[in-house]
Amino acid sequence: MTAMQWFFSFLKKYRGRLIFAMFLVTLTSIFAIVNPQITGIVVDDIIYGGNRELLPIMALILIVSTLFRAVLRYWFLYIFEKSSQGMLYTMRDYVYRKLLQQDFDFYNKNRTGDLMSRQTGDMEAIRHFVAYVIYGIYENVLLFVIALVMIFVVDYRLALCMIAIMPITILAAAKQLKAVKPAFHEIRQRFSSLNTAVQENISGNRVVKAFAKEDFEIYKFEKENDGYRDAELKASEIWKKYVPIFEFMANVLTVILYMIGGIMVIKGYMSLGKMVMVSGYLWMLNMPLRMAGWLANDYQRFVTSVEKIYATIQIEPKITDPENPNEKTRLKGEIQFCHVGYQMDDEVILKDINFHVKPGQTVGIIGATGSGKSTLMNLLCRFYDVTEGEILIDGINVKEMDLYSLRDNIGLAMQDVFLFSDTIEGNIAYGRPNCSFEEVVKAAKIANAHDFILQLPEGYDTIVGERGVGLSGGQKQRISLARALLKDPSIIILDDTTSAVDMETEAIIQSELSRIDSNQTVFIIAHRISSIKDADLILVIEDGKIIEQGNHDSLMNKKGYYHTVFHHQYGDFDKIKPHLEYDKVGNGGK
Ligand SMILES: Nc1ncnc2c1ncn2[C@@H]1O[C@H](COP(=O)(O)OP(=O)(O)OP(=O)(O)O)[C@@H](O)[C@H]1O
Ligand SMILES: [Mg+2]
C-alpha cells in the first residue's frame, strides 16, 4: 500500500457523502453561468433591443440563482467540513493505536516532539486538504472548463485567443508543484525539531532552571525557531516566483478580452451584449489561475504530511505476538533463564544468564550500576527480546506467550517512576480501574503510602501533576509500588523501588510485603543489601554476567563480591563510628 492508498482508505467511509458534495459543487459551478448569460441578455435585448418587460423576470432569475448558489455552497462546505473532522478523528485514533503498539526500541529512537507533530501539524494539513483543497481543485477546474466552453459557444474566435495562454499556466503549475515538494519536506522536518525543542524544554524546565541555562536554552530554541522560519520562507521564495506568473496570466486574459473583443465589437463581428457576457465569465477563468499556486502549495503540504505519518506507522514493532500464542490467563510464576544473552547494536549487555526461580520465591538482584539488572527484567517482560538462549515462565518460552497475558501477569514498578496527571487513586488503580476503593487503600498500606496520602489536601483524590510533580521521590516510588501490587499479578518486579525511601520505611514495606500472597514470585532489584538479604535467591550481576548466586548465607560464606558489598554497607560501620565520634568531639571542642 502506498501512502496515498492508505490515506484514501480513510475516505472510503465518506465516499457517498463526498460524491454528493462534489455533485453540489458541480451544480454551483454550472449555475455560475446564469449571471453572465443574463447580463448579456440585459445588454442586447433590454438596453439595445428595448424589451423592457423582460427586466423584472431577468432580475428575479439573477436573485434566485445567486441565492441558490449560496445555499448549495453552504451545504457542500458543511459536508466537506464534517467529513474531514470525522475522517481525521478515525485517522488520529488509528495512528495513536499504532504508536501504542510500538516497542521500547521505537521510543528509544523516535523523538517525542516528532511523534507529537505527526498527531498535530501533519494531521491538520490532511484535514485542511479534505475540507478545502479537494473541492477547491475540482471547483476551479470545473469553473475554468465551463467558462471556456461558454466563451466558445458565445464566440469561438475569442475563446481560441484566450486558450492560447493555457499551456504556459499548466507548465507553471506543474513546475511549482515539483519545486515546492522538497521545501515542504524541510518544513515538516523543522516543525518536528521545533516541537521537540519545546517539548524537551517544558518537561526539563526544572533542570534548565537548576543549571541556570535559560539563556542557553533560549539560544537553542531560537536556532530551531530560525530554522523553521527559514524553511517556511524558503518555500515561500519558491512559490513567490510563480504567483506573479499566475497573476500575469489572469491579467493577460482581461487584456485579450478587451482588446480583441473590443475590436470585434467595433468591427461588428460580435454584439456588445456578447462581449459583456464574456467579461462576465472572466472571473471564472481568472480565479482558477490565481488559485492554482495556492492549491498546488496546499496539495504538496498535504502529500508531505501523509508521507510522514505513513512512514511513522509503517515501522513494525519488533516485539510481536507469536502466530499461535499460548494464552494462559494466570501464570504460576516459575521462571527459568537458560543461557540468556542480550546484545544491543553490537554491544553485549547480558551474557550467559542462568537461574531458576520457583513460584512464590523472592529473588534479589544486586550489582553495580549499568551491570544489566534492569535489562534482565526488561527481557522477562519482553520489552526487548533475548538475542541468545531463552526465558521460560511455567516452562513456556516467553516468545510463545500472548504478549498481553504475559504482561498482565507481571506487576512492574519501574526504576524511572512515571505517574499520570490524575488523582492518587487513579494512579494506583491504573492496572485495575474497576477495583474497589478498599483494594486501593490496601495496596497503599502495603506500600506504606497510606499515611502520607491521607495527609495530602484531598487524600486519595489529590491530583498529582504531570509525572507526579508535587510528590517527593520516595512518595512517588511508593505510589508506583502500590500500583504494581494492586494489579495482583503472579510476578512482581520492583526495580530500585525503595532506593529513595529511608531505611525505616523500607523495613516496614518489607515486612508488609512478606505478609502478602506467598504465591507471588517477586524480583527485587536494589543497591542496598538490606533490601534483598532475606530473598530466597540472590543474583549478583557484574558486567552483564551473574558472578554469584545463592541465598544470603551461602553468598556470605563465599566471601566474594556480595561479602565485600555487605561489609561496605554494614561491616565497616564500626570502623566509621569512631570518626563520627571524633568529629563530634572536634566540633564540641570549638
Ligand atoms: N536503550 C538502550 N540502548 C543502549 N544501551 C542500553 C539501553 N538501555 C541500557 N543500555 C545499556 O545496558 C547496560 C545495562 O543497563 P541497565 O539499565 O540494565 O543497568 P542497571 O544494572 O539496571 O543499572 P542501574 O543500577 O543504574 O539501574 C548499560 O551499559 C546501559 O548503558
Ligand atoms: Mg536499572
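For this structure, a couple of remarks:
- Contact order for the chain, expressed relative to its length and based on alpha carbon pairs under 8 Å spaced 6+ residues apart, stands at 14 percent.
- Solvent-free Debye calculation, one equal scatterer per alpha-carbon of the range 1-119: log10 I(q)/I(0) at 0.14, 0.17 Å⁻¹ equals -0.77, -0.92.
- Each residue of the range 218-234 was assigned a 3J(HN,Hα) from its phi angle through the Karplus curve 6.51 cos²θ - 1.76 cosθ + 1.60 (θ = phi - 60°); the sequence is 5, 4, 5, 5, 5, 5, 5, 4, 4, x, 5, 4, 4, 5, 5, 5, 4 Hz, with glycine and proline shown as x.
- GluC sites (Glu not before Pro) within the range 395-476, DSSP loop, no more than 16 other Cβ atoms inside 10 Å: Glu458
- Between Asn51 and Ile46, the built amide H atoms are under 5 Å apart, and every one of these is 5 or more places off in sequence or on another chain.
- Size of electric dipole in the range 66-208: Cβ of Lys, Arg +1 and of Asp, Glu -1, about Cα centre, debye, nearest 20: 60
- Size estimate for the range 214-321 follows the Kirkwood approach: the inverse of mean 1/r over distinct Cα pairs works out to 18.7 Å.
- Anchor Lys109: lysines whose Cα lies under 20 Å away (excluding residues fewer than 8 positions away in-chain): Lys98, Lys308, Lys318
- 3J(HN,Hα) along the range 559-567: 6, x, 4, 4, 4, 5, 4, 4, 4 Hz, from the Karplus curve 6.51 cos²θ - 1.76 cosθ + 1.60 with θ = phi - 60°, whole Hz, x for Gly and Pro.
- Taking the longest Cα principal axis of the chain as reference, the axis of helix 573-589 is set at about 80 degrees.
- One chain, two ends: Leu54 and Val153. Fully extended at 0.36 nm per residue, the span grows by 33.3 nm beyond their Cα-Cα distance.
- Taken over the Cα atoms of the chain, the convex hull encloses 235 Å³ per residue.
- Cα centroids of the range 4-31 and the range 299-344: 36 Å apart.
- In the range 278-372, the trypsin sites (Lys or Arg not before Pro) that fall in loop regions by DSSP, at most 16 other Cβ within 10 Å: Lys318, Lys328, Arg330
- Rounded to whole numbers, the Karplus 3J(HN,Hα) couplings from phi for the range 446-454 are 4, 7, 6, 10, 3, 4, 5, 5, 5 Hz, using 6.51 cos²θ - 1.76 cosθ + 1.60 with θ = phi - 60°, and x at Gly and Pro.
- Taking chymotrypsin sites (Phe, Trp or Tyr not before Pro) across the range 243-286, the ones in a DSSP loop with at most 16 further Cβ atoms lying within 10 angstrom of their Cβ are Tyr269.
Read-outs throughout are calculated quantities, based only on the coordinates presented, and are distinct from any laboratory measurement. Note that the structure is a prediction, hence the values are computed from the model and not measured. Reconstructed Cβ throughout: ideal geometry from the backbone, glycine too, with neighbour counts over all protein chains shown.
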